[in-house]
């Protein structure tokens, strides 16, 4: 029952935006009541009435225990070259506080200075102040520095990095990683009759992860997956394009931005026409300018469904006067998890791992997601199609993990 309740409340994350006005109204009403009481206490001095007989004093009421404040740290680069990103993520976290936090929830922002030593010191300070959970930090090297501090204190970490090698030992990687994206887009392509895939990937950790994910998916989906690698420093993209056999049905590109556009153009020039070969991508393609390359128009990729994020970005811009960075949603969703579990959890252990790793997951700004025992975050993703004006949803994100049969 408790797990179901956590899931139901957590699914309010994306609906919290609509409740913002109601929360403001309640706060103003409370402030008005407080003002009336203060004014009533400021009247003129009057003569005391004559004494009257008093009834015997009643026995003092039992003292009620004071509810304990639940403290959660958020570690961000609030100074240094990444301070602008850090500040925007803090502001996103504050929106989540406004939407979902109770009166006994306290967020402790701490500056990592964008460095591993700064992150470790911020973690030590926040734990000394009573933090029961750590949100952040942002960079993989910072997470590596925070992990031993958190493990020693028995405090779990919801990290904003996409460095999946940091997952585990009580650290959950909230950043967008390619494994789920590859699985989703490959599964969708298979449902459309595609069975011969080629992964064209640079020799770097991201390319390794994309290749590994496609190879794992090939066994489950019953597809063939040829792998072609190239040096990440290559500038003549016609060279890796020549490695792709023209009889391929789909080519998965482990690049984003201008590199993905250049590869698609080179592949088309080498005989892999987008009319005959389906180009596939990862979340790196969540970029409205990608369709400016004609060879990528009609290509598919997997990413969080865009509508909830668009609503969040609009509210952020109205509140703070500027657009948020893409990863600001991570700070909102992590803070929302903490706020909801602080309400639902035991005061002694509000963030126990049973609640954090609830198999039903949570519904956030970036859609359905759940924290796994291995520290990875599994996401329910949509499949999108590249168009000249941006991207459109081709296959919606699942409403629950039950839909995925997991």
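The values are calculated or read from the model by the stated rules, or taken from the named source; none is laboratory data. What you are looking at is a predicted structure, and each value in this text was computed from that prediction instead of being measured. Glycine gets a Cβ as well: all are built from the backbone with ideal geometry, and neighbour counts include every protein chain shown.
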(request) Count, please, the residues in region 166-186 that happen to be assigned to a helix (DSSP H, G or I) and in contact with a strand residue (DSSP E or B) (Cβ under 9 Å, 6 or more places away or on another chain). (result) 9
(request) State all residues of region 352-372 that are on the phi < 0 side of the Ramachandran plot, part of a loop (DSSP other than H, G, I, E, B) and touching a residue at least 12 places away in the same chain (Cβ under 8 Å); if no residue qualifies, say none. (result) 357, 358, 359, 360, 365, 366, 372
(message) Based on this model, can you work out whether residue 178 counts as within 14 Å of residue 281 (Cα to Cα) and surrounded by 14 or more Cβ atoms within 10 Å (Cβ to Cβ)?
(response) yes
(request) Confirm whether residue 284 is in the same structural domain as residue 189 (by TED's automatic domain parsing) and either in contact (Cβ under 8 Å) with a residue 60 or more places away in the chain or within 26 Å of residue 172 (Cβ to Cβ) (or both). (result) yes
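Can you confirm whether region 146-159 contains a residue that is at pLDDT 95 or above, closer than 22 Å to residue 207 by Cβ and outside any helix (DSSP H, G or I)?
No, that holds for no residue.
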(request) Please determine, by comparing only the residues of region 295-320 that are over 23 Å from residue 160 (Cβ atoms) and without any contact (Cβ under 8 Å) to a residue 60 or more places away in the chain, which one is farthest from the chain's Cα centre (by Cα). (result) 295
(message) If I ask for residues that are surrounded by 14 or more Cβ atoms within 10 Å (Cβ to Cβ), in a strand (DSSP E or B) and touching a strand residue (DSSP E or B) at 6+ places or on another chain (Cβ under 6 Å), which ones from region 377-393 would you list?
(response) 377, 378, 379, 382, 383, 384, 385, 391, 393
(request) From (1) in a strand (DSSP E or B); (2) more than 30 Å from residue 126 (Cα to Cα); (3) in contact with a helix residue (DSSP H, G or I) (Cβ under 7 Å, 6 or more places away or on another chain), pick out the condition that doesn't hold for residue 209. (result) (1)
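On the given criteria, is residue 106 in contact (Cβ under 8 Å) with a residue 24 or more places away in the chain and surrounded by fewer than 18 Cβ atoms within 10 Å (Cβ to Cβ)? If you could, list the steps in order and put the result at the bottom.
Values: in contact (Cβ under 8 Å) with a residue 24 or more places away in the chain: yes; surrounded by fewer than 18 Cβ atoms within 10 Å (Cβ to Cβ): yes.
Taking the combined requirement at face value, the residue satisfies it.
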